[in-house]
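Taking it in order: structure first as structure tokens, then the write-up.
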Amino acid sequence: MVEHVRGVGVAGLVAVWVVVATEVVFSVWSWFYLVTTDEGPGAVVTGVVDAVGGVSRVARPVAAILIVLWLWRARSNAERVPGRHRYGRGWAVWGWLPVVGLWVPRRVVADVWAACAPDGEPRAAVHRWWVLWLLYDLGGHAYFVLTLLTIQDPETSRTVVRVAAVLLPVFAAGAAVFLTVVVRRISGWQSVETVERVA
């Protein structure tokens, strides 16, 4: 049975772009109230940022669940067409765990792409998505650690915030752009009619 991937893929992408939007809001807030001004944010701004934080806390796990579900279904469909897979279907889920999550998901997606794509279709979008995702993910962890380490040094802490406020939204948006390309193309190649015709 062919797994339908388009709907869950679109839902996952919507959630991903909501996360990107919250990153942009946090970035703007950081610049205006943590870096460029000495005045604290007013009650209205604080309320907006708190609300955005709530949206982010919901959107992040939803995006993760939907993208993993999309990948599980896409990986299942890819078994119906000729192609070599370096990892079993279960790695579409377990491959996101710490350490192995540095390389396994990219390989799973790349194998699905190779199995479904027309001959000669380059996998550049997969590689670019993964590089930007790693920069965003590892950069976020580094930002958290550096914030703790520089808490007693306000000037250095401001520099950390300034750099993170610029780079993290860029990495997030870039990763989202290429993930959108990957999900839309694989979902298109894996339409029910296409998979059943090839199989």
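Just one of the numbered conditions (1) of a type outside the set (D, E, K, R); (2) at pLDDT below 90; (3) touching a Phe, Trp or Tyr at 6+ places or on another chain (Cβ under 9 Å) is not true of Gly83; which one?
Among (1) of a type outside the set (D, E, K, R); (2) at pLDDT below 90; (3) touching a Phe, Trp or Tyr at 6+ places or on another chain (Cβ under 9 Å), the lone unmet condition for Gly83 is (3).
Among (1) among the aromatic types (Phe, Trp, Tyr); (2) out of contact with any Pro (no Cβ under 9 Å at 6 or more places or on another chain); (3) crowded, with 20+ Cβ neighbours inside 10 Å, there is one condition Trp189 misses while meeting the rest; what is its number?
Only one criterion in (1) among the aromatic types (Phe, Trp, Tyr); (2) out of contact with any Pro (no Cβ under 9 Å at 6 or more places or on another chain); (3) crowded, with 20+ Cβ neighbours inside 10 Å is unmet by Trp189, namely (2).
Those residues that are over 15 Å from the mean Cα position of the chain (by Cα) and basic (Lys, Arg), I need them from the stretch 70-114; list them, please.
Answer for the stretch 70-114, where residues must be over 15 Å from the mean Cα position of the chain (by Cα) and basic (Lys, Arg): Arg73, Arg75, Arg80, Arg84, Arg86, Arg89, Arg107.
Could you pull out the residue among Val161, Val145, Val131, Val177 that is among the β-branched types (Val, Ile, Thr), surrounded by 15 or more Cβ atoms within 10 Å (Cβ to Cβ) and within 20 Å of Gly101 (Cβ to Cβ)? If you could, list the steps in order and put the result at the bottom.
Working: Val161 fails: within 20 Å of Gly101 (Cβ to Cβ); Val145 fails: surrounded by 15 or more Cβ atoms within 10 Å (Cβ to Cβ); Val177 fails: within 20 Å of Gly101 (Cβ to Cβ).
Exactly one residue qualifies, and that residue is Val131.
Among Val104, Val108, Val112, Val170, which is in contact with a helix residue (DSSP H, G or I) (Cβ under 9 Å, 6 or more places away or on another chain) and at pLDDT below 95?
On the way: Val104 fails: at pLDDT below 95; Val108 fails: at pLDDT below 95; Val170 fails: at pLDDT below 95.
Of the residues listed, the single one that is in contact with a helix residue (DSSP H, G or I) (Cβ under 9 Å, 6 or more places away or on another chain) and at pLDDT below 95 is Val112.
Only one of these conditions is not met by Val126: (1) β-branched (Val, Ile, Thr); (2) over 19 Å from Val10 (Cα atoms); (3) modelled with pLDDT of 90 or more. Which number is it?
Unmet for Val126, out of (1) β-branched (Val, Ile, Thr); (2) over 19 Å from Val10 (Cα atoms); (3) modelled with pLDDT of 90 or more: (2).
The values are calculated or read from the model by the stated rules, or taken from the named source; none is laboratory data. Small disclaimer: the values here were computed from a predicted structure and weren't measured. In this analysis, Cβ positions are derived from the backbone assuming ideal geometry, glycine residues included, and neighbour counts consider all displayed protein chains.
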